[in-house]
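Scroll down for the structure; my scribbles are underneath it.
The values are calculated or read from the model by the stated rules, or taken from the named source; none is laboratory data. Since the structure is predicted, the reported quantities are computational estimates derived from the model, not experimental observations. A quick note on method: Cβ atoms are made from the backbone with ideal geometry, for glycine too, and the neighbour counts reach across all protein chains shown. Surface accessibility is based on the protein's heavy atoms, side chains included, excluding ligands, DNA and RNA. Shrake-Rupley method; radii C 1.70, N 1.55, O 1.52, S 1.80 Å.
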Number of protein chains: 4
Amino acid sequence: MSPIGIGVIGIGYWGPNLLRTVMSTPALRLRWACDLDSDRARTALGPYAAVQLTDSFEEVLDDPLVEGVAIATPAGTHSELVRAALEAGKHVLVEKPLTDSVAEGRKLAEIAESNGRVLMCDHTYCYTPAVRRIRELVRGGDIGEIQFVDSVRINLGLVQPDVDVLWDLAPHDLSILDFVLPEDVVPVAVSAHTADPIGAGRACLAYLSVWLSTGALAHIHVNWLSPTKIRTTVFGGTRRTIVWDDVNPAARLSVHDRGVDRLSASSLAPDARRQALISYRVGDVLVPALPEREALMAVMAEFAGAITEQRLPLTDARAALRVLALLEAATESAEHDGAKIAVAADLVSR
Amino acid sequence: MSPIGIGVIGIGYWGPNLLRTVMSTPALRLRWACDLDSDRARTALGPYAAVQLTDSFEEVLDDPLVEGVAIATPAGTHSELVRAALEAGKHVLVEKPLTDSVAEGRKLAEIAESNGRVLMCDHTYCYTPAVRRIRELVRGGDIGEIQFVDSVRINLGLVQPDVDVLWDLAPHDLSILDFVLPEDVVPVAVSAHTADPIGAGRACLAYLSVWLSTGALAHIHVNWLSPTKIRTTVFGGTRRTIVWDDVNPAARLSVHDRGVDRLSASSLAPDARRQALISYRVGDVLVPALPEREALMAVMAEFAGAITEQRLPLTDARAALRVLALLEAATESAEHDGAKIAVAADLVSR
Amino acid sequence: MSPIGIGVIGIGYWGPNLLRTVMSTPALRLRWACDLDSDRARTALGPYAAVQLTDSFEEVLDDPLVEGVAIATPAGTHSELVRAALEAGKHVLVEKPLTDSVAEGRKLAEIAESNGRVLMCDHTYCYTPAVRRIRELVRGGDIGEIQFVDSVRINLGLVQPDVDVLWDLAPHDLSILDFVLPEDVVPVAVSAHTADPIGAGRACLAYLSVWLSTGALAHIHVNWLSPTKIRTTVFGGTRRTIVWDDVNPAARLSVHDRGVDRLSASSLAPDARRQALISYRVGDVLVPALPEREALMAVMAEFAGAITEQRLPLTDARAALRVLALLEAATESAEHDGAKIAVAADLVSR
Amino acid sequence: MSPIGIGVIGIGYWGPNLLRTVMSTPALRLRWACDLDSDRARTALGPYAAVQLTDSFEEVLDDPLVEGVAIATPAGTHSELVRAALEAGKHVLVEKPLTDSVAEGRKLAEIAESNGRVLMCDHTYCYTPAVRRIRELVRGGDIGEIQFVDSVRINLGLVQPDVDVLWDLAPHDLSILDFVLPEDVVPVAVSAHTADPIGAGRACLAYLSVWLSTGALAHIHVNWLSPTKIRTTVFGGTRRTIVWDDVNPAARLSVHDRGVDRLSASSLAPDARRQALISYRVGDVLVPALPEREALMAVMAEFAGAITEQRLPLTDARAALRVLALLEAATESAEHDGAKIAVAADLVSR
C-alpha cells in the first residue's frame, strides 16, 4: 500500500513539528509544505528536504495525490480552511481548538460525516503514554469513582496574539478530561475567573471549575505568567489517586493508595461520632513504567490509521466539539463574574 | 523582670506545641495546662514537667499569677473562652480562626481594646522566616506591583469535625496575604467553590478567588484529600516573582527575575502589532538564605513582647477580623454557586 | 514493672536528644542529666523538668536506682566511661563510634559479656523505618543478590574537633551495611581516599570502597563541605534495586524493577555476540508506605527491651566492633595512598 | 562564502545526531552519509533528504568537495579512520575518545599539526551553556580556588560492546574538568576502582579519583547500572561552590555562597581552640539564567569556525590527549587494585 499523500498547512510555531513527524511516519508521504510566508516554510524544511513548497492552499487542495492535510494555522482561520479541505475531499488533521465556536464546529463535523472524511483534532496529550495509561486506570476501575480532578498547567508562556490563555491552554486539560473520563461521566456546568494583569488585551491566567454529572468537581489552572513550569494533574478516586507530573521524567505517573474514606455507618455503633466514620489510607505508591514515545508520532499513526481503516479517529470532531462547548461556556462565565454556566447535555454527551 | 505567667487551654492536636514553646520561651512561665480531659494534658506534659494540671478554665483565670492564656480549643469554643479571659483581665493568644463570625470577632476585638489587653491570633505562618522575607520583598518594592497571587495548600489532611477545609486551611493563606500585601492593597471581593466528594458532611476541598483593590486576582486552593503534599504560594510582580515552596528546604524561597512585560506603546512605531508590545524577561533566580527558626517560638516572643511593651501584636485582633471577613464571604459565595461576594471596605481596610 | 532508671552522660550536641527520648519512653525513667558543664545540662532540660543534674559521673554510677547510662560524650572519652559504667554493673547505650580502636572496643565487648550487661551502640539509622524495610527487602530476597552499594552522605556539616569525616559520618553507612547485608555476606577489604581542602587538620571529605565477600563493591562518599544535602544509598540487586533518598519524605524508599541482566549463553545460538547477551529491564517503581517514627525512640525501646529481656540488642557491641574494624582499615588505607587493606575475617564475620 | 562540504562517517547510535546538526548548520553542507550498513544510513536520513549515501569511506575521502569529516564509528576504528582522513587532507571532528591509546593519539595530533588540518574531538558537554558558564565562573575567580570536585554520572545505560564504563562515560567528566580548570591547575595522579557485577566482561561501574596539582581531589562516579539518572557535578571553591545538576532544567546551575572557612590564626587569641578557627558561610544561592541551546549545534559551529579561521578548535587534539592520558592511567590503576598512578606532566600540562 502506498503512503498517504499529505500537505502541511501553516509552518509557524507548531507546523515544523507536523512536518517532521509526517516525514518520519512511513504510512504518510509529505507532498507539500504550505505557508503564506514561503521563507518560513523553506527555513523549517532546511536545504536538504525534497518537498514542494507553496504559498497557495488551493494548490495543495488541487493535488490529487494529496489525500489529507494537517493544519496548524492560527485558530481564527481553522474554520475556513477545514471546510475547504473537507469539501475538496481531503481528510483533515487540525490543531486545537477545532474552530472558534460550537456552531461552526458542528457544521464542520457534519460536513466530515456526510463526506465520509476523517476530521481529527490534534489533542496531542491524549496520545502520550501517560494519558493512555491514565485512561486505562480510570476506565478500568483501578482508582474507583472519580472524586475530584485538579489540573495545573502554568509556565512562562507565549502570550498568543489571537487567543487568550483559556483557549490556548485549557483545551489540553479539557481534551484529556474528555478522553479519560468514563463514557457516562460528563461535564454539566462550568465557572471561570480570568485575569490580564499585564494589560495584554486578553486573559493571561484563568481558573476554571467544571462540574461533572456525578457531582465531582474538576478544576483547571492555566497561566502564561508563572516563572516556574508546572504541569500536574491529579485524578482523585475512591480507591486510588493518580498524580501525573509531566515535567518529572523519573515519575511522570504515580498511583497512590492514599486517601480518606468514609466508613459505612452501619458498621459502627449507633453512637459513634461522625469523626469516627472517617478513615485514612496511607498505602504504597506505584510508579508504572511508561514507554518513551513522542505523542505527535502517535497522532500521525492514528490519522493514517483512521484514513486507511475508514474509521473515526480517537480524537474525532465530536470530541473537539465537546471541548469547544466547555470553552465557550467558560468564556461566557468569565464575562459574567464567574457565574455557573450549564452546558447542554447534547453537546457534551458521548 | 519575672516571666509572664501563662495558662495553655486545650491540649489536643496543637496544644502540645503551645505547651512546648511556652516552656522554651524565657519571657514566659507556664503555670497551667488545662484540658477537659486531664489525662490528655498529663500525657502531653509527660512525667517530668513540674506544671499544674486542671480541667477547670476558671481555676486558670482565677490564678492572679496568670497574666495570659494561649487557647487551642475547637474553633466553636473560642468566642466564649476568649471573652471570659479578656474579661478576667488576661491577655489572649488564640488559634485561628479567632472565632466563627465577624460579628462575634468584632466584639472580642472591642473588649480587648477597651480593657487594654493583648488579643493576638496565632497566624503562625506570618512568623516564619520565609513569610517575613516575602513581606520585606513585597513591601520594599523589590517585586514591583503584585500582578497575581496563587496559593496551593493541599495534603492528605485530617478531616476536622467542626470546621470545613476553608475555615481550617484558608486562614493560613488569607493571613499571609493580609500580612504581606502593602497597606493600601486590600481585598474587595471573593468567590469560592467547594466540594465534599467523600460525604464527610463538610467541604474537603475548596477553590477561593480573592480580588484585590488593584484589580489583581489572588487564588487559593485548599484540599484535605490530596495524596501529595504541596504548599506553594506564588507572588507575581511587575518586576519579579516570588515562589515560596514550603516543603522544599533547599529552596524554600526563590525570587525569579522572569516575567512578561508589556512595552509602552509610545516607544514603538504606530503600526507595531500588539504582539510586538510583549517582551519576556528570563533572568536569574535568587534563593535567599533564610534562618532556620521555629515559627511558633517567634509567636511566643511576639506575644510576650506585646504584653511587656503594651502594644499591638503583629497579628492582632483586627488582622484576625480581616481574615474572618473573607472567610465569611467565601462561605456565602460557596453557598451561592460561587457568586462574587463583595467584602465591606471597613472590614478589610487597614 | 517499674521503669528502668537511666542517666544521660554528656549534654552537648546530641545529648539533648537522648534526654528528650528517654523522657518520652515509658519503659525508661530519667534519673540524672550529667555534664561537666552543668549550665549546659540545665539549659537543655529547661526550667520545668524535675530531673537531677550533676557534673559527676561517679554520682550517677553510685546511684543504685540507675540501671543504665546513655553516653553522648566525645568519642575519645567513650572507652573510659563505658568501661567504668559496665564495671559498676550498669547497662550502656553509647553513641557511635563505640570507641577509637578495635582493640579497646573488643575489651569493652568482653567486659559486657562477662558481666552480663547490655552494651548497645546507637547506630541510629538502623532503627529508621526505611532501613528496617531495606533489611527485610535485602534479606528476604526481594532484590536478589547485591550487585553494588553506593552511598552518599554529604552536607555542610560541623567540622568535628576530635574526629575526621570518616569517623564522624561513615559509621552511619557502615552500620547500615552491617545491618542490612545477609549474614553470610561480609566485607573483606577497604580502600579510602580523603582530603582536607580547608586545612582543618583532619579529613573533611572521604571516598571509601568496601569489597564484599561476594565480590560486590560498596562505595561511600562522606563530605562536610557540600553546599547541598544528599543522603542517598542505592542497593543494586540482581532482581531489583533499592534507592533510599532520606531527604525526600515523599519517596524515601523506592524499589526499582530496573536493571541490566546477562542472559545465559546456552539460550542463544553459539555465534550470538556478547552484546546480545545483555538485556534491560525497565519495569515499575514501588514506593512503599513507611510509618513516620523517630528512630531514636526505637533506639530507646530496643535498649529497654534488651535490658528487660536480658538479650543482645539489635546493634550490639559486636556490630559496633565490625564497624570499628572497617574504620580502622579505612584510616590505614587513607594513610597509604588508598592501598587496599584486608580486614580480618574474625573481626567482621557474624 | 560557500558552506564547507562534510561527510558523516558511522550512522549508528550517535551518528544520526551528527547528520541532523550538520544539516542544520548553515556554514556546513552535508555531502555524504557513510556507513558499512547503508540501510541504517538510509533509515537515519529518511526518505526526503537529498544526501548521497555510501558504504565506502574512500569514496568520501575521494570527493574533493568534502573538506571535513565527522566520525562516529566505534572507538576501536577511530585511529585508522582519523589518520586516513587527515592524510587525505580532510579536517576531522571525531567522537570521544579520540582513540584508544595515548601513543596513537599523539601520532594523530602530530599528523594534524603537520598537515595544518583541524583535528577536533567532540567533547560535547564543553559546548553546553552550563559548562561554558562554569568555566567563566571558575576561571574568572568567582568561586575562589578549587577545593574539591565531585561528579556523578549514573543511569541505566547501554553496556557498550567495545569499551568499559570508564572509557564510555568518564571522558565526559574528564573533558569538562580539562575545559574548566584554570590553565595552571593540572591532574597529577589517578586511582580507580571498577566492578562488573553483572558479568558483562567489562567494568560497568567505576570510581575514579584524580589529584590536582594544587592538592585538591576530584572524584568521578560513572555507572551503567543505576536505576535512577543522576548527572551532577560539584565544584567546591574557597569562595563559592557550583552545583551543576544537568537533569534539573529549572536549576541546572546553582552558585552557592555556602561553605566552611578556616580563619587566620593571627586574628584570634593565642589560646583559641582549633574549632574556633572554623567558620561557616550560609549565604544565598544564585541560579543563573542560561540560554537553551543544543550543545551539538555549538560543536558544529566551532568545527566550521576552526576550519574557516584556520585555528585550533576549543577542544583540540591536545585536549583529547590529556583526557586519554587520564583514562590510560585510570585503567592501569584499576588493574592494580586502585594503586595511585602518576600522570606525566608533559601529557597533561597546557
Nm distances between the label at residue D:283 and the same-position labels in the remaining copies, 7 Å along Cα→Cβ, shortest first?
1.9, 5.0, 5.1
Placing +1 on each Lys and Arg Cβ and -1 on each Asp and Glu Cβ in chain C, then taking the dipole about the Cα centre, the residue among C:349, C:3, C:18 whose Cα reaches farthest towards the positive end is C:349
Under the 7 Å Cα-to-Cβ spin-label approximation, residue A:261 and residue B:281 lie apart by a distance in nanometres of 5.1 nm
Percent of Cα pairs exceeding the 26 Å cut-off, where the set is the range A:22-165
40 percent
Listed residue pairs exceeding 29 Å between alpha carbons, taken from A:229/C:229; A:229/B:229; C:96/D:229; A:229/D:229; A:96/A:229; A:107/A:229
C:96/D:229; A:107/A:229
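Show me A:65-78, C:132-145 ranked by packing, highest mean number of other Cβ atoms within 10 Å first.
Numbers: A:65-78: 20.4, C:132-145: 16.4.
For the peptides A:65-78, C:132-145, the packing ranking is A:65-78, C:132-145.
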How large is the translational diffusion coefficient of chain B in µm² per second when you combine the Kirkwood radius over alpha carbon pairs with Stokes-Einstein at 25 °C and 0.890 mPa s?
114 µm²/s
Roll a 1.4 Å probe over the protein heavy atoms and report the accessible area of residue D:113 in Å², nearest 10.
100 Å²
What do you get for the angle between helix C:15-24 and the principal long axis of chain C? Use alpha-carbon atoms, 0 to 90 degrees, nearest ten.
80 degrees
To the nearest 20 debye, what charge dipole does the range A:124-210 have about its Cα centre, counting +1 at the Cβ of each Lys and Arg and -1 at the Cβ of each Asp and Glu?
200 debye
The protein assembly as shown, Kirkwood Rh and Cα Rg, ratio Rg/Rh at 0.98
Which residue fluctuates most in the GNM of chain B (Cα springs below 10 Å): B:182, B:291, B:26?
B:291
Counting only Cα, what are the radius of gyration and maximum Cα-Cα distance Dmax of the range C:300-350, in Å?
15.2, 47
In nm to one decimal, list the spacings between the residue C:312 label point and its equivalents in the other copies, with label points set 7 Å along Cα to Cβ, shortest first.
6.3, 6.8, 7.0
Taking amide H atoms as placed 1.01 Å from N in the peptide plane, list the residues 5 or more away in sequence, or in a different chain, whose amide H sits under 5 Å from that of residue A:225.
A:155, A:157
Please give the average number of partner chain Cβ atoms lying within 10 Å of the Cβ of each residue in C:159-172, rounded to a whole number.
1
For chain A, whose charge dipole is built from +1 on Lys and Arg Cβ atoms and -1 on Asp and Glu Cβ atoms, the candidate among A:244, A:282, A:208 with its Cα farthest towards the positive end is A:282
Provide C:55, D:178 ordered by accessible surface of protein heavy atoms (probe 1.4 Å), highest first.
C:55, D:178
Interchain or sequence-distant (5+) residues whose placed amide H lies within less than 5 Å of the amide H of residue A:189 are A:211, A:343
With +1 on the Cβ of every Lys and Arg and -1 on the Cβ of every Asp and Glu, and nothing else charged, how large is the dipole of chain A about its Cα centre, in debye rounded to the nearest 20?
1220 debye
When you look at the Cβ of every residue in B:195-207, what mean number of other chain Cβ atoms sits within 10 Å?
6
Residue by residue, what Karplus-based ³J(HN,Hα) values in Hz, rounded to whole numbers, does the range B:91-106 have, using 6.51, -1.76 and 1.60 with θ = phi - 60° and x for Gly and Pro?
6, 10, 10, 10, 5, 7, x, 3, 7, 9, 7, 5, 4, 5, x, 5
Using θ = phi - 60° and the Karplus curve 6.51 cos²θ - 1.76 cosθ + 1.60, what whole-Hz ³J(HN,Hα) does each residue of the range B:306-312 get, with Gly and Pro shown as x?
5, 5, 5, 8, 6, 10, 6
In angstroms, what radius of gyration and Dmax does the range C:157-214 have, counting Cα atoms only?
13.4, 41
Using a 10 Å cut-off on Cβ to Cβ distances, tally the other chain neighbours for every residue of B:281-293 and report the average as a whole number.
4
Can you give me the relative contact order of chain B as a percent, contacts being Cα pairs under 8 Å and 6 or more apart?
18 percent
So for R0 = 35 Å, FRET eff. of residue A:309-residue B:239 from the Cβ-Cβ r, to 0.05, ends up at 0.05
Solvent-accessible area per residue, Å², over chain B with all protein chains present [probe radius 1.4 Å]:
39 Å²
Among C:329, C:182, C:45, flag the residue with its Cα farthest along the positive direction of the charge dipole of chain C, charges on Cβ as +1 for Lys/Arg and -1 for Asp/Glu.
C:182
For residue A:219, list long-range residues whose amide hydrogen, built 1.01 Å from N in the peptide plane, is under 5 Å from its own amide hydrogen.
A:149, A:150, A:151, A:210
Suppose every Lys and Arg Cβ carries +1 and every Asp and Glu Cβ carries -1, with no other charges. What dipole size does the protein assembly as shown come out with about its Cα centre, to the nearest 20 debye?
0 debye
Taking a label point 7 Å from Cα toward Cβ, how far is residue D:103 from its twins in the other copies, in nm, shortest first?
5.0, 8.5, 9.9
When the convex hull of the Cα atoms of the range D:95-209 is projected onto a plane and the area is averaged over all directions, what value comes out in nm²?
9.0 nm²
Mind checking which chain C residue has its Cβ closest to the axis relating C to B, and how many whole Å off it is?
C:50, 3
Computed over the Cα atoms of the range C:16-73, what is the ratio Rg over Rh, Rh following Kirkwood?
0.92
In Å and on Cα atoms, what radius of gyration and Dmax does the range D:168-304 show?
19.3, 63
What list of ³J(HN,Hα) couplings, whole Hz, do you get for the range C:242-254 from phi and the Karplus terms 6.51, -1.76, 1.60, once you set θ to phi - 60° and write x for glycine and proline?
9, 10, 10, 10, 6, 9, 10, x, 6, 7, 4, 10, 9
